[in-house]
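Read through the structure below, which is laid out as structure tokens, and then see the notes.
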Amino acid sequence: MNTATTAIMTEKREDFVRYYDENYGDYAAGWSPDHMHYGFWLPGTNDHEESLVNTVKEIIKELDISTRDTVLDAGSGSGGTCRYIARHTGARVTGINLSPVLHGQALLLSENLPDKERPRFELMDFTDTAFPDGSFSRVLALESVCHTPDKNDFVREAFRLLQKGGRLLVSDFFLTDKKMTEDEKEMLNQWLRGWAMPNLAGIEEFKIMLARAGFRDLQHHDKTELIYKSSSLMHDGAKETLPAALLRYQKGEVPQSYLLHTVALARQKECLDAGLWRYFFFTAGR
């Protein structure tokens, strides 16, 4: 990797850390202090909080996580997914991310849990970890690979960290092959910029990355219909709060990232409705 590329990737990671350090409070107040991801509105889902837990339940089911497993949550946010998995499966769970604010919240929200339900949290880059080869039987990435400049870096590291016979699950946003207009490109850029996402992988592109890294038994499942209500909730909330967010930014009360984040909350659904992206579970074996 040349010096210029390294500098760009470092800058993108710094953008990501700044974004979450500056906006976790908004996530906690407006979405959930525990779960910073889309909810799965399965049949019979009663409310927003239940939809968030549903997402984690579906991950547990898809990866068949049990008490025998060692699990890595790559990009674990404030640790809600880790805590739920540890509590409900008995697996040994480790969560990692780059944001000091999120790392601190994960520790704080977990400090009073019994030892067997308390995950381990590390401040670490999930594309370049300090863990030995084959440290985990399960690796999951819940809406975190989108923040990586080169998705191959994550894929290769996940392959290295998995034990033989282990399983990977990536739950994230993926571009469709739709040819975009200039307006759609700008709309997508506003979403990506607002959420500190350098780019999104295409659906077929990501399958190729997994295969080239050595993964087998590749599967992908479209979960877009399950997250659509979450997408709508974000959009509607953003439309209500955007005027106030703009005013607060103009007064110097909030950083620019807060305003861009609010815009992105609206743009994500507009991009979805335009057919620019879909929400997928990708699973693969080592």
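For region 211-231: of the residues being outside any loop (DSSP other than H, G, I, E, B) and in contact with a helix residue (DSSP H, G or I) (Cβ under 6 Å, 6 or more places away or on another chain), which is farthest from LEU272 (Cα to Cα)? Spell out how you get there, then give the answer.
Restricting attention to region 211-231, the residues satisfying the condition of being outside any loop (DSSP other than H, G, I, E, B) are 211-213, 216-222, 224-231.
Then drop every residue that is not in contact with a helix residue (DSSP H, G or I) (Cβ under 6 Å, 6 or more places away or on another chain), which leaves 213, 218, 231.
On the way: ALA213: 29, LEU218: 25, SER231: 8 Å.
Filtering region 211-231 for residues that are outside any loop (DSSP other than H, G, I, E, B) and in contact with a helix residue (DSSP H, G or I) (Cβ under 6 Å, 6 or more places away or on another chain), the one farthest from LEU272 (Cα to Cα) comes out as ALA213.
Is it true that some residue in region 162-180 is assigned to a helix (DSSP H, G or I) and either touching a Leu at 6+ places or on another chain (Cβ under 8 Å) or not aliphatic (A, V, I, L, M) (or both)?
No, because not a single residue in region 162-180 is assigned to a helix (DSSP H, G or I) and either touching a Leu at 6+ places or on another chain (Cβ under 8 Å) or not aliphatic (A, V, I, L, M) (or both).
In region 90-108, which residue that is of a type outside the set (A, V, I, L, M, F, W, C) and surrounded by 17 or more Cβ atoms within 10 Å (Cβ to Cβ) is nearest to the chain's Cα centre (by Cα)?
Among them, the one singled out is ASN97.
Just the residues that are in contact with a strand residue (DSSP E or B) (Cβ under 7 Å, 6 or more places away or on another chain), surrounded by fewer than 19 Cβ atoms within 10 Å (Cβ to Cβ) and under 21 Å from ARG13 (Cα atoms), please, taken from region 157-203.
Listed by number, the list holds a single entry, GLY202.
Looking at region 276-284, is at least one residue in a helix (DSSP H, G or I), under 26 Å from PHE206 (Cα atoms) and of a type in the set (Val, Ile, Thr)?
no
Listed residues LEU265, LEU259; which is of a type in the set (A, V, I, L, M), crowded, with 20+ Cβ neighbours inside 10 Å and either without any contact (Cβ under 8 Å) to a residue 24 or more places away in the chain or within 22 Å of TRP31 (Cα to Cα) (or both)?
Numbers: LEU259 fails: crowded, with 20+ Cβ neighbours inside 10 Å.
So the residue among LEU265, LEU259 that is of a type in the set (A, V, I, L, M), crowded, with 20+ Cβ neighbours inside 10 Å and either without any contact (Cβ under 8 Å) to a residue 24 or more places away in the chain or within 22 Å of TRP31 (Cα to Cα) (or both) is LEU265.
Among the residues of region 63-80, count how many are within 23 Å of ARG278 (Cβ to Cβ) and out of contact with any Leu (no Cβ under 6 Å at 6 or more places or on another chain).
Within region 63-80, residues that are within 23 Å of ARG278 (Cβ to Cβ) and out of contact with any Leu (no Cβ under 6 Å at 6 or more places or on another chain) number 2.
Can ASN199 be described as part of a loop (DSSP other than H, G, I, E, B) and modelled with pLDDT of 95 or more?
yes
List pairs: first in region 233-244 and within 12 Å of GLY30 (Cβ to Cβ), second at pLDDT below 95, Cβ under 7 Å, 6+ apart or cross-chain?
GLY237/GLY30
In region 112-123, which residues are closer than 14 Å to ALA86 by Cβ and under 23 Å from the mean Cα position of the chain (by Cα)? Let's see the steps before the verdict.
Filtering region 112-123 for residues closer than 14 Å to ALA86 by Cβ gives 112-121.
Hits for region 112-123 are GLU117, ARG118, PRO119, ARG120, PHE121.
For GLU225, all conditions in the list (1) among the charged types (D, E, K, R); (2) free of Cβ contacts under 8 Å to residues at least 12 places away in the same chain; (3) within 24 Å of ASP73 (Cβ to Cβ) hold save one; what is the number of the exception?
The failed condition is (3).
What is the residue count in region 130-161 for residues that are more than 24 Å from SER66 (Cα to Cα) and without any contact (Cβ under 8 Å) to a residue 60 or more places away in the chain?
6
The values are calculated or read from the model by the stated rules, or taken from the named source; none is laboratory data. Keep in mind the model is a prediction, meaning the values are calculated, not measured. Cβ: placed from backbone, ideal geometry, glycine included. Neighbour counts: every protein chain shown.
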